[in-house]
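These notes concern the structure reproduced below.
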Amino acid sequence: MTKQNHFVKSNYERHVSDHYPTIDKRCTFGLLEHVKPTRLCVDVCAPNGSGIVDTLQECGCRATCAGDAFADKIRAQWVVTNPPYERPLVDQIIQRQIQRIEEGDV
């Protein structure tokens with residue numbers, strides 16, 4: 001039995017803070033095949049704009065960017081985001097979004 005390596009190193013240079021914006025619209029199209037937001041969608045990891053928000057808007061959804069995934073006052077129907085993959089930050093971001101759901105903000 002061969003041991004799998006779950007960490008793959010690429011030949012590409014890493015971006016500062018592991019910032020890799022979502023540029024492939026198919027990700028958002030795939031989501032919209034299953035859910036149809038009728039109220040506001042927020043990308044909480046997008047202080048400088050978001051391909052996710054752009055695509056949602058192009059598809060007729062109300063969507064906006066937020067620059068702080070931990071902000072206190074975000075009320076939306078959906079949080080749709082591509083968080084930076086930097087542990088433990090990514091775990092904290094996801095936990096905060098779960099907390100929003102539990103508190104009824106999302």
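FYI, it's all coordinate maths here, none of it is from the lab. Predicted model, so just to flag it, every value in this text is computed and none were measured. Cβ sites come from the backbone with ideal geometry, for glycine too, and all protein chains shown count toward neighbours.
Annotation for the range 64-106: GluC sites (Glu not before Pro) lying in DSSP loop with at most 16 further Cβ atoms inside 10 Å of their Cβ are GLU86. Working ranking of peptides 42-55, 59-72 by packing, defined as the average number of other Cβ atoms within 10 Å per residue, highest first, is 42-55, 59-72.
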